[in-house]
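I have placed the structure first, in the form of structure tokens, so that the comments after it can refer back to it.
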Amino acid sequence: MRKKDTVLLLLLAVICVGCSPAKDVQKSETSEDIFAQYPKTVIEQEESTGNVTVQLHHAAFEAERMVLDYTVKADSVEDYRYLEIYLTSDENNSAVCSLDCNLNYEYEEEQDTYHVTELYEWSGEKLQEKDHVNLEMYFMNMEATDSTVPSVSFEIKQPELFEPKQVDIAVKLSYKDTETTVQKLELSPFYTRLQAEAAFSDESYSYEITDETGTAAGFLGGNDNNFYYQGLPADCKKAGIAVIQYDQDAAYN
């Protein structure tokens, strides 16, 4: 169990006020549970190339990001773990999508399948509400002996665009010998992103995000100065941000 010591809490205007330390970690919703709340994200298209099949279950788009929920099946699915995804819309040329965070991953070795929900972003023109979108998925097999690159494509007509809520913070926090600048909180139905200039002297330091009940959003991963968590409840009006330090047994202060 986590310790009950009070941690640094940041008071945020509009969205966040002081919260109690988290009593537990939010139970992870399945991708089906989250997408079920947004019927327009349902795609359920299937495409095959060679001996690999992709089922695109859901897709949620932002102006410069998207969340894809898909399953890959193959005779030897380990050969199809690495993807390059290109997006083309009515308004822009083909843009390569970079993986921001893996929101969910399930691997079924006996079934030779994996099911993932992933967050991607791209640079260039922003998507518009009226755009039609074409996705091309290229499987990059590093051990392939020929130059063939299997690919599948999906056409999505006028997807609904989501607009995450942006909360600017720009506040410095100090904890023991550590100082960090928390810049922004981004709230999406599918994820919560914390942007911070981490200057931690110890990798055991990180952040905790809690809702108004004191429940912590599950940490999903991060890159550079971006830290990703589960989406906060839709009716959440208060949130807390804390600097935390993990112990060897994964408990933290």
Margin query: For the stretch 211-221, give me each residue that is touching a residue at least 24 places away in the same chain (Cβ under 8 Å) and either under 19 Å from Q183 (Cα atoms) or crowded, with 17+ Cβ neighbours inside 10 Å (or both).
Written below: D211, E212, T215, A216, A217, L220, G221
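For the structure I just gave you, tell me whether I241 is of a type outside the set (S, T, N, Q) and either part of a loop (DSSP other than H, G, I, E, B) or open to solvent by less than 10 Å² (accessible area, probe 1.4 Å) (or both).
Taking the combined requirement at face value, the residue satisfies it.
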Item checked: Extreme residue, least open to solvent (accessible area, probe 1.4 Å), among residues of the stretch 159-183 that are hydrophobic (A, V, I, L, M, F, W, C) and farther than 21 Å from L103 by Cβ -> V182
Notebook entry, point to check: From K237, K165, which residue is closer than 22 Å to L119 by Cβ, touching a residue at least 40 places away in the same chain (Cβ under 8 Å) and basic (K, R)?
Noted result: K165
Checklist line | Filtered residues of the stretch 188-206 (kept if modelled with pLDDT under 90 and not acidic (D, E)) | finding: A198, A199, F200, S201, S204, Y205, S206
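Looking at the stretch 126-135 only, could you name the residues that are of a type in the set (A, V, I, L, M, F, W, C) and assigned to a strand (DSSP E or B)?
V133, L135 - these are the residues of the stretch 126-135 that are of a type in the set (A, V, I, L, M, F, W, C) and assigned to a strand (DSSP E or B).
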Notebook entry, point to check: Among E208, E186, which is the only one that is open to solvent by less than 50 Å² (accessible area, probe 1.4 Å), touching a residue at least 40 places away in the same chain (Cβ under 8 Å) and not in a loop (DSSP other than H, G, I, E, B)?
Noted result: E208
Note to self: Report every pair of residues separated by at least 6 positions or lying on different chains whose Cβ atoms are under 7 Å apart, first residue within the stretch 109-133 and in contact (Cβ under 8 Å) with a residue 12 or more places away in the chain, second basic (K, R).
What the structure shows: D112/K73; T113/K73; L119/R65; Y120/R65; E121/R65; H132/K157
Next item on the list: Output the residues belonging to the stretch 52-78 that are small (G, A, S) and free of Cβ contacts under 8 Å to residues at least 40 places away in the same chain.
Entry: A74, S76
Notebook entry, point to check: Across the stretch 64-101, what is the total count of residues that are open to solvent by 40 Å² or more (accessible area, probe 1.4 Å) and over 22 Å from P150 (Cα atoms)?
Noted result: 3
Margin query: Given (1) β-branched (V, I, T); (2) modelled with pLDDT of 85 or more; (3) under 27 Å from L232 (Cβ atoms); (4) open to solvent by 30 Å² or more (accessible area, probe 1.4 Å), identify the lone condition not met by V17.
Written below: (2)
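For residues that are assigned to a strand (DSSP E or B) and out of contact with any strand residue (DSSP E or B) (no Cβ under 9 Å at 6 or more places or on another chain), tally how many sit in the stretch 156-183.
Here is the first cut: in the stretch 156-183, the ones assigned to a strand (DSSP E or B) are 156, 161, 165-175, 178-183.
Adding the requirement that they be out of contact with any strand residue (DSSP E or B) (no Cβ under 9 Å at 6 or more places or on another chain) leaves none.
Here the count works out to 0.
The values are calculated or read from the model by the stated rules, or taken from the named source; none is laboratory data. As the structure is a prediction and not an experimental result, all values here were calculated from the model. So basically every Cβ, Gly included, is an ideal-geometry build from the backbone, and we count neighbours across all protein chains shown. What goes into the accessible areas is simple: the full protein's heavy atoms, side chains included, and nothing from ligands, DNA or RNA. Shrake-Rupley method; radii C 1.70, N 1.55, O 1.52, S 1.80 Å.
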